[in-house]
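Asks: Below are the structure tokens for one structure; questions will follow.
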Amino acid sequence: MATFGQWVEGARLRTLPIAISSVIGGWAAAVFLGRFSPAPAVLAMVVALALVVGVNFSNDYSDGIRGSDGADRVGPLRLVGSGAAEPGTVRAAAFGCYGVAGLAGLAIVILTGQWWLLVVGVACVLAAWFYTGGKHPYGYAGLGEIFVFIFFGLVAVCGTAFVTAGAVDAATVVTSVIFGLLACGVLVANNLRDIDGDRVSGKRTLATRLGHGGTRVLYVLLVVLGAAGVVAVAVLTSWWALLGLVMVIFMIGPVRAMVTGASGMVLVKALRDTGFAELGCSLGLLAGALLG
């Protein structure tokens, strides 16, 4: 029987590092721009964390009631799929998290005076819910990576930089691409781990469409392009930005797992280390921005 602690561990492995990294990447972009407003910066982190925990609850609920996450899945068990929690309770937890994100987002809007950000906030919540929720979830149609790239990359990084520094430049956009690519890498590793079960349940992720070999190639391509993006940011800003390449240390194991055809729990470790690589990249970029 799954426990809440196991669920938290699974959420930490999957998406918490992505949310934290994207916001820190936005902070780094703001520092490179030469302007940093602390209050919106902190609120942006609250929004990101609340949304990502909400996404985990939403996915747990939606996948659980569809039967696509059973007790025999590889990796941490789910609350609904394992029977550890009632579906209604998990759904309420998701909506509660979205409410927290909404309040923090409203505070950002009031501080910055940028009311159009409300539209962005609504879009983020809708994207979070309909990833696996609703009658036609886009995560079941192989579109998850596209939305992850947009919302965990472009929106999260550029949005954080904008509310923190009041501007977005070319380096900010490139930074957002880096974190979009690495966030997609986390999702690709996750879906590769679940590929066989997803095929049985009818969940048509990009991994089930590409197959084992194609998904592994895609993963390596994503992380290589992410590393190249760090070099591009350094060219546009300061060579201190190359500290973001600390991510390479964490990527050695995951890339080896992909190249050698590892499966099962080895992919769970690869998933975890990909998240750590993204976090390392964000901290490296922030350190580089401060030093540069």
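Asks: Counting only residues that are among the small types (Gly, Ala, Ser) and more than 18 Å from the chain's Cα centre (by Cα), which one in the stretch 42-67 is nearest to residue 123 (Cα to Cα)?
Replies: Restricting attention to the stretch 42-67, the residues satisfying the condition of being among the small types (Gly, Ala, Ser) are 44, 48, 50, 54, 58, 62, 64, 67.
Then keep just the ones that are more than 18 Å from the chain's Cα centre (by Cα); that gives 62, 64, 67.
On the way: 62: 19, 64: 24, 67: 27 Å.
Only one residue tops the list, namely 62.
Asks: Condition (residue is hydroxyl-bearing (Ser, Thr, Tyr) and surrounded by fewer than 22 Cβ atoms within 10 Å (Cβ to Cβ)) applied to the stretch 278-286: is it met by at least one residue?
Replies: Of the residues in the stretch 278-286, the ones hydroxyl-bearing (Ser, Thr, Tyr) are 282.
Then drop every residue that is not surrounded by fewer than 22 Cβ atoms within 10 Å (Cβ to Cβ), which leaves none.
Within the stretch 278-286, not a single residue is hydroxyl-bearing (Ser, Thr, Tyr) and surrounded by fewer than 22 Cβ atoms within 10 Å (Cβ to Cβ).
Asks: Something else now. Confirm whether residue 129 is among the aromatic types (Phe, Trp, Tyr) and either touching a strand residue (DSSP E or B) at 6+ places or on another chain (Cβ under 8 Å) or surrounded by fewer than 15 Cβ atoms within 10 Å (Cβ to Cβ) (or both).
Replies: No; evaluated as a whole, the condition is false for this residue.
Asks: Assess whether residue 140 counts as being at pLDDT below 95 and in a loop (DSSP other than H, G, I, E, B). So that I can check it myself, show each step before the final result.
Replies: Values: at pLDDT below 95: yes; in a loop (DSSP other than H, G, I, E, B): no.
For residue 140, the condition - at pLDDT below 95 and in a loop (DSSP other than H, G, I, E, B) - is not met.
So that you can scan it fast, the table gives a plain yes or no per residue for (1) over 22 Å from residue 146 (Cα atoms); (2) at pLDDT below 95:
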residue	(1), (2)
181	no, no
200	yes, yes
208	no, yes
225	no, no
237	yes, no
241	yes, no
264	yes, yes
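Asks: Name every residue in the stretch 260-292 that is β-branched (Val, Ile, Thr) and within 15 Å of residue 17 (Cβ to Cβ), in order of residue number.
Replies: Narrowing the stretch 260-292 to residues β-branched (Val, Ile, Thr): 260, 266, 268, 274.
If the condition is that a residue be β-branched (Val, Ile, Thr) and within 15 Å of residue 17 (Cβ to Cβ), then 268, 274 are the ones that fit.
Asks: Considering only residues that are surrounded by fewer than 19 Cβ atoms within 10 Å (Cβ to Cβ) and either farther than 20 Å from residue 218 by Cα or not polar (S, T, N, Q) (or both), which ones fall in the stretch 252-267? Break it down into steps so the answer makes sense when it comes.
Replies: Keep residues of the stretch 252-267 that are surrounded by fewer than 19 Cβ atoms within 10 Å (Cβ to Cβ), which gives 252-253, 256, 259-266.
Across the stretch 252-267, the qualifying residues are 252, 253, 256, 259, 261, 262, 264, 265, 266.
Asks: Determine, yes or no, whether residue 125 is assigned to a helix (DSSP H, G or I) and without any contact (Cβ under 8 Å) to a residue 60 or more places away in the chain.
Replies: Working: assigned to a helix (DSSP H, G or I): yes; without any contact (Cβ under 8 Å) to a residue 60 or more places away in the chain: no.
Criteria not met by residue 125.
Asks: Something else now. Would you say residue 168 is of a type outside the set (Gly, Ala, Ser), more than 16 Å from the chain's Cα centre (by Cα), farther than 24 Å from residue 62 by Cα and in a loop (DSSP other than H, G, I, E, B)? Full working, then the answer.
Replies: Working: of a type outside the set (Gly, Ala, Ser): yes; more than 16 Å from the chain's Cα centre (by Cα): yes; farther than 24 Å from residue 62 by Cα: yes; in a loop (DSSP other than H, G, I, E, B): yes.
Here the answer is yes, as residue 168 does meet what is asked.
Asks: Same structure again: Would you call residue 157 of a type outside the set (Gly, Ala, Ser), modelled with pLDDT of 95 or more and more than 16 Å from the chain's Cα centre (by Cα)? Working first, answer last.
Replies: Details: of a type outside the set (Gly, Ala, Ser): yes; modelled with pLDDT of 95 or more: yes; more than 16 Å from the chain's Cα centre (by Cα): no.
So residue 157 does not fit the description; no.
Asks: Go through 207, 289 for me and flag whichever is among the hydrophobic types (A, V, I, L, M, F, W, C), without any contact (Cβ under 8 Å) to a residue 40 or more places away in the chain and assigned to a helix (DSSP H, G or I). Don't jump to the end; show me each part of the working.
Replies: Values: 289 fails: without any contact (Cβ under 8 Å) to a residue 40 or more places away in the chain.
Going through 207, 289 in turn, just one is among the hydrophobic types (A, V, I, L, M, F, W, C), without any contact (Cβ under 8 Å) to a residue 40 or more places away in the chain and assigned to a helix (DSSP H, G or I): 207.
The values are calculated or read from the model by the stated rules, or taken from the named source; none is laboratory data. Everything numeric in this text was worked out from a predicted model, so none of it was measured. In this analysis, Cβ positions are derived from the backbone assuming ideal geometry, glycine residues included, and neighbour counts consider all displayed protein chains.
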